[in-house]
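Reading through the structure tokens given below for one structure.
The values are calculated or read from the model by the stated rules, or taken from the named source; none is laboratory data. Since we're looking at a predicted model, the values are computed, not measured. As a convention, Cβ positions derive from the backbone with ideal geometry for all residues, glycine included, and neighbour counts pool all protein chains shown. The area values use the complete protein model at the heavy-atom level, side chains included, leaving out ligands, DNA and RNA. Shrake-Rupley method; radii C 1.70, N 1.55, O 1.52, S 1.80 Å.
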Amino acid sequence: AAVSERLREGEEEAKFSKALATIKMDVPLKFELASLASRGTDSALSEAARQLFLKFGFHSLLKRFSAESSAKPMQETLDIQSSQETVALRNIDAPADFKKYSSEFVAGDIGIILEGGRLFVVPHKGKTVFRLGENIFSERVVRDFFRSKQNIFVHDGKAILHFLRKRDIVAGAFNFDIALASYVAGGTSRDFSYLAVASRELGRLVSPKAEEEFTHFFEIVESLEGKLAQGKLKKVLAEIELPLTPILAEMEKRGILLDRELLKNLSGRVNKELRALTKQIYERAGESFNINSSQQLSRILFEKLNVKTHGLRKTAKGGVISTGATELEKLRDAHPIIKNVLDYRELTKLKTTYIDTLPTLVNPRTGRIHTTFNQTGTSTGRLSSSNPNLQNIPILSGYGREIRKAFVAEKGFLFVSFDYSQIELRVAAHLADDKKMIEAFQEGLDIHKMTAAEVYNVPLDKVTPELRRAAKTLNFGVLYGMGTQAFSESTGLSREEARKFIDEYFRDFAGIRKYIEETKHFAEERGFAETLFGRRRYIPEIHSPNWQMKREAERMAINAPIQGSAADLVKMAMIKVDEWVKREGLESGVRMLLQVHDELLFEIKKEKLKEIAPQIKEIMEGAAKLKTPLVVDVKFGPNWGKQESYA
């Protein structure tokens, strides 16, 4: 009955999907395929195709224009001027040369690019590019230049800061960063290398030799400044992204102290547990097999043990019933072996990704682990981290907490975390101007408990843990466009119960419903969603004729202003805290170490905790004025995994 009901409900979608997937064989086409082959004779057609490929970012196809052409030299074929004609590349390898030529770029705006481990200086006026030699950075005239020079435009400022700091040079503020500007200006590309940005902003296929494009540096700046003039994008770059760059560079340089001995002991415990799990899995399977092989595991589960496969998908390759984590979670209670396999996988991942790997990434000179913060790595405005990724270390599992204990404070310091409480829900209530949610946050109520009380029409003291869990799932699910089916699967409610819950939710929180509809309309009308502070996320898929793609785009549109505003708030807090620390001269006692989602982690001297913790909390809670109060929870301890609340 349930299956037939779902089929009836999805009849039109099923027919539409079939029509989309069916190749039309009766379209009247009056040409032969061979006639479409390019022979390189029609330059106008070739140029039109190249511009089309450039517009849509088909970089691999663009390369064929140079690779397949033999009639002309590469420079002419690519419509770029050779370096001999346009670029005077001058090496500065001696202090005397720097003094001689610096008059050409010391007065006006300059561009700085780091390419191939070498620093290039591009004057705003003129066609000369200066390549700075390694041996000149120890000279006072060069060091003073970078410390005091104003009007510096860069590409990838954080990399340049690291380059200069390794040579004991601290540069002044940067006026503009091409990579960050391209990121803030929006678009679908995630490639912010100099050549990728140049090809987009100059509107042509650029030379594969970066130096040949350096003279166009300020043309790129001018193009990006035009795009940033829309809305508040210029403010986002100037007041959020650019000031954040030196803070992130300092955090990367500082690193976090790691207790390698703790991880070594933890690895031994995990190995022992993995051996026990492996033995148990083999006993329940009745044979030994490769647990990491999806095909062998599928055979054991679905052929030998006859675990029911209703509703499970098959792999695209080979048609084997999937043993992916999502699929196995659906069967967790179907057979004891499945829980064993899930536990085995979790432990294996923790061991290979963190427990055994983190110690190998410690800098032997500092004893610290130095992650890289990616300022242009997400479409929402949030930071990401890599090498290693310290933002995905699990917190809920027992071993996840043990791994966090390996991140320790230096002797004489405490590890202190400042975590925004439910920041996305607070932002959502503000954006939606939902009176009930705003009042709940203002009164300091448990928002999930209050939601359950509203939806189920029961007093607060009658809300059970199960009702609260369902309300919490929907509170966060709404921010990601969760539908009836997903809510049903997440809570264990029937589809009918889930639908009634959602309908009642939107009756009680009419502001949220209004926000969702207005935000979808805004994105469809303008092609982007916007945060409280003006950051934009362009969503071209919102106009897709494919209903699935359009629905996904609508979910992005709903979530982008909420998650993006939260990301901006965290970044603004980082900047304000850093400014306060420097203004008060507290650098030796306060060290910002890590940003993880809505949490900032610091090393703070023990004797200064009572003085500093309340100040940082106050600064973070005042990062912006919302209708809902921002609340920061503070915890401290000897490491990241063992902390107590700061009263």
Candidates ARG147, ARG190, filtered to the one that is within 29 Å of GLU530 (Cα to Cα) and surrounded by fewer than 15 Cβ atoms within 10 Å (Cβ to Cβ): ARG190
Which pairs have Cβ atoms under 8 Å, sit 6 or more apart or on different chains, and link a residue in the stretch 451-468 that is over 11 Å from GLU504 (Cα atoms) to one that is surrounded by 12 or more Cβ atoms within 10 Å (Cβ to Cβ) and of a type in the set (Lys, Arg)? LEU460/LYS449; VAL463/LYS449; ARG468/LYS449
Would it be correct to say that THR519 is touching a residue at least 24 places away in the same chain (Cβ under 8 Å), of a type in the set (Ser, Thr, Tyr) and either loosely packed, with under 15 Cβ neighbours inside 10 Å or assigned to a helix (DSSP H, G or I) (or both)? yes
Where the second residue is hydroxyl-bearing (Ser, Thr, Tyr) and the first is under 9 Å from PHE415 (Cα atoms) and lies in the stretch 589-603, which pairs have Cβ atoms under 8 Å and are six or more apart or on separate chains? LEU601/SER417; PHE602/SER417
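Looking at the stretch 401-424, is at least one residue part of a strand (DSSP E or B), polar (S, T, N, Q) and farther than 30 Å from ARG190 by Cα?
Just the residues of the stretch 401-424 that are part of a strand (DSSP E or B), to begin with: 407-408, 413-420.
Now restrict to residues that are polar (S, T, N, Q): 417.
When the remaining residues are screened for being farther than 30 Å from ARG190 by Cα, the result is 417.
The answer is yes, given that some residue of the stretch 401-424 is part of a strand (DSSP E or B), polar (S, T, N, Q) and farther than 30 Å from ARG190 by Cα.
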Would the stretch 624-637 turn up any residue that is without any contact (Cβ under 8 Å) to a residue 12 or more places away in the chain and more than 30 Å from TYR399 (Cα to Cα)? yes
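Give the residue, chosen from LYS158, LYS127, that is surrounded by 17 or more Cβ atoms within 10 Å (Cβ to Cβ), touching a residue at least 40 places away in the same chain (Cβ under 8 Å) and of a type in the set (D, E, K, R).
Values: LYS127 fails: surrounded by 17 or more Cβ atoms within 10 Å (Cβ to Cβ).
Step by step, each of LYS158, LYS127 is checked, and only LYS158 is surrounded by 17 or more Cβ atoms within 10 Å (Cβ to Cβ), touching a residue at least 40 places away in the same chain (Cβ under 8 Å) and of a type in the set (D, E, K, R).
Could you check the stretch 250-294 and list, in sequence order, the residues that are in a helix (DSSP H, G or I), of a type in the set (Ser, Thr, Tyr) and either farther than 30 Å from GLN595 by Cα or open to solvent by 70 Å² or more (accessible area, probe 1.4 Å) (or both)?
THR278, TYR282, SER294
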Those residues of the stretch 584-608 which are open to solvent by less than 10 Å² (accessible area, probe 1.4 Å) and either touching a Cys at 6+ places or on another chain (Cβ under 9 Å) or more than 24 Å from ASN389 (Cα to Cα) (or both), in sequence order: GLY589
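Quick check on my filter: what residues within the stretch 213-235 are in a helix (DSSP H, G or I), open to solvent by 10 Å² or more (accessible area, probe 1.4 Å) and either farther than 22 Å from ARG537 by Cβ or without any contact (Cβ under 8 Å) to a residue 24 or more places away in the chain (or both)?
First, the residues of the stretch 213-235 that are in a helix (DSSP H, G or I): 213-228, 233-235.
Narrowing the set further to residues that are open to solvent by 10 Å² or more (accessible area, probe 1.4 Å) leaves 215-216, 218-219, 222-223, 225-227, 234-235.
Those that are in a helix (DSSP H, G or I), open to solvent by 10 Å² or more (accessible area, probe 1.4 Å) and either farther than 22 Å from ARG537 by Cβ or without any contact (Cβ under 8 Å) to a residue 24 or more places away in the chain (or both): THR215, HIS216, PHE218, GLU219, GLU222, SER223, GLY226, LYS234.
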Examine the stretch 344-358 for a residue that is crowded, with 16+ Cβ neighbours inside 10 Å, modelled with pLDDT of 90 or more and under 30 Å from TYR538 (Cα atoms), and state whether such a residue exists. no
